[in-house]
1. If you check VAL117, VAL93, which single one turns out to be among the β-branched types (Val, Ile, Thr), under 18 Å from the mean Cα position of the chain (by Cα) and buried (at least 16 other Cβ atoms within 10 Å of the Cβ)?
2. Based on what the data block shows, is LEU308 buried (at least 24 other Cβ atoms within 10 Å of the Cβ) and outside any helix (DSSP H, G or I)?
3. Among the residues of segment 1-30, how many are surrounded by fewer than 17 Cβ atoms within 10 Å (Cβ to Cβ) and in a helix (DSSP H, G or I)?
4. Going by the structure shown, is ARG214 closer than 30 Å to ALA2 by Cα, of a type in the set (Lys, Arg) and either surrounded by 18 or more Cβ atoms within 10 Å (Cβ to Cβ) or not assigned by TED's automatic domain parsing to the domain that holds ALA111 (or both)?
5. Are any residues in segment 163-199 small (Gly, Ala, Ser) and not in a strand (DSSP E or B), and if so, which ones?
6. Can you give me the number of residues within segment 235-258 that are closer than 18 Å to ASP301 by Cα and among the aliphatic types (A, V, I, L, M)?
7. Is at least one residue of segment 217-238 touching a residue at least 24 places away in the same chain (Cβ under 8 Å), among the charged types (D, E, K, R) and part of a helix (DSSP H, G or I)?
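The values are calculated or read from the model by the stated rules, or taken from the named source; none is laboratory data. Quick caveat: nothing in here was measured; it's all calculated off a predicted structure. Every residue, glycine as well, gets a Cβ built from its backbone with ideal geometry; the counts of neighbours run over all protein chains shown.
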Amino acid sequence: MARALLEGVGAYLPRRIVSNDALAERIDTSDAWIRSRTGIGARHIAEADESCAMMATAAARQALANARARVDEVDAVIVATATPDQTFPATAVRVQAALGMARGFSFDISAACSGFVYALSVADGMIRAGQARGVLVIGAEVFSRLMDWQDRSTCVLFGDGAGAVFLRAGAADDETRGILSTHLHADGSLGDLLYIDGAVGQPDRPGTLVMNGREIFRHAVVKLASAVDEALAANGLDASAIDWLVPHQANLRIIDAMGKRLALPPERVVVTVERHANTSAASIPLALAEAVADGRIKRHDLVVMEALGGGLTWGSALVRM
């Protein structure tokens, strides 16, 4: 049984940066109000020519280059997104075409902010089963196009972007690197805490984000902590073995709480929420790509990733880089 090695990372952030002060010129809010509740200072907002597929493709190309991999080594493209450009074909199919892939298969996964962890789990399973040897896993979102820009409780929270990783099959007996395990959960009874009010086929409902922030916060730390504990227990490890926490970037208070629970010093927690805001399924690979690029995360470091999103969905992944 092959082991999935994380060989390359990539990222794309839209050109336009919108600060809290810029939002305060349009709605009743302030930089201090946003920072005190979320830790967010700015976000990237996609322009008209920056689609979900375009950003996903850019991140994918960078991940392949970082892995020194050729396009013909890619057997599958999996895109985690809640904001596809079209209902179908899948964003992943558009990426496949843009990359010039002449073979393989592609599909999207919708698990909101947990989407990247879900997609990573699926790709890991395919590699372990021998169904694929090279897989691009991408998180890409354009949440700005689903925002009610007059609702200060939600529009300040989100940003756009894409992050990607390239997974390659490695030797089964090589325990020095690779995805150790992934752990997925969902509770559909909590679906009304965070959702998009609208859908294709409902022209009278425009499709904007609705969130019960207080309840999401209440569930987040408990469920995320449980998922991380599950990953550590599955591998016979304790928190002291973790080198880096790369969490979903939704709220600085949640990130800080998880870091403290794992007894990790702040410098061992990758935080991008101040500059990126919540990029949903893109947030973990964006943060991972930044920390790899600047040299913080190195080969053989043990990284735990965790996320919670609408559904509710949540999960964790433990990866030896």
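1. On the way: VAL93 fails: under 18 Å from the mean Cα position of the chain (by Cα).
So the residue among VAL117, VAL93 that is among the β-branched types (Val, Ile, Thr), under 18 Å from the mean Cα position of the chain (by Cα) and buried (at least 16 other Cβ atoms within 10 Å of the Cβ) is VAL117.
2. Working: buried (at least 24 other Cβ atoms within 10 Å of the Cβ): yes; outside any helix (DSSP H, G or I): yes.
So LEU308 passes the test.
3. Looking only at segment 1-30, we keep the residues that are surrounded by fewer than 17 Cβ atoms within 10 Å (Cβ to Cβ), and these are 1, 15-17, 19, 21-22, 25-28, 30.
From what's left, in a helix (DSSP H, G or I): 21-22.
Of the residues in segment 1-30, 2 are surrounded by fewer than 17 Cβ atoms within 10 Å (Cβ to Cβ) and in a helix (DSSP H, G or I).
4. Details: closer than 30 Å to ALA2 by Cα: no; of a type in the set (Lys, Arg): yes; either surrounded by 18 or more Cβ atoms within 10 Å (Cβ to Cβ) or not assigned by TED's automatic domain parsing to the domain that holds ALA111 (or both): yes.
The answer is no for ARG214.
5. Step one: of segment 163-199, the residues small (Gly, Ala, Ser) are 163-164, 169-172, 178, 181, 186, 188-189, 191, 198-199.
Residues satisfying the conditions are ALA171, ALA172, GLY188, SER189, GLY191, ALA199.
6. Going through segment 235-258, the residues closer than 18 Å to ASP301 by Cα turn out to be 235-247.
Still in the list and also among the aliphatic types (A, V, I, L, M): 237, 239, 241-242, 245-246.
Total satisfying the criteria: 6.
7. For segment 217-238, residues touching a residue at least 24 places away in the same chain (Cβ under 8 Å), among the charged types (D, E, K, R) and part of a helix (DSSP H, G or I): present.
Here is a yes/no grid of residues against (1) touching a residue at least 12 places away in the same chain (Cβ under 8 Å); (2) under 15 Å from PRO285 (Cβ atoms); (3) outside any strand (DSSP E or B):
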{"position": "GLU50", "(1), (2), (3)": "yes, no, yes"}
{"position": "MET55", "(1), (2), (3)": "yes, yes, yes"}
{"position": "GLN96", "(1), (2), (3)": "yes, no, yes"}
{"position": "SER106", "(1), (2), (3)": "yes, no, no"}
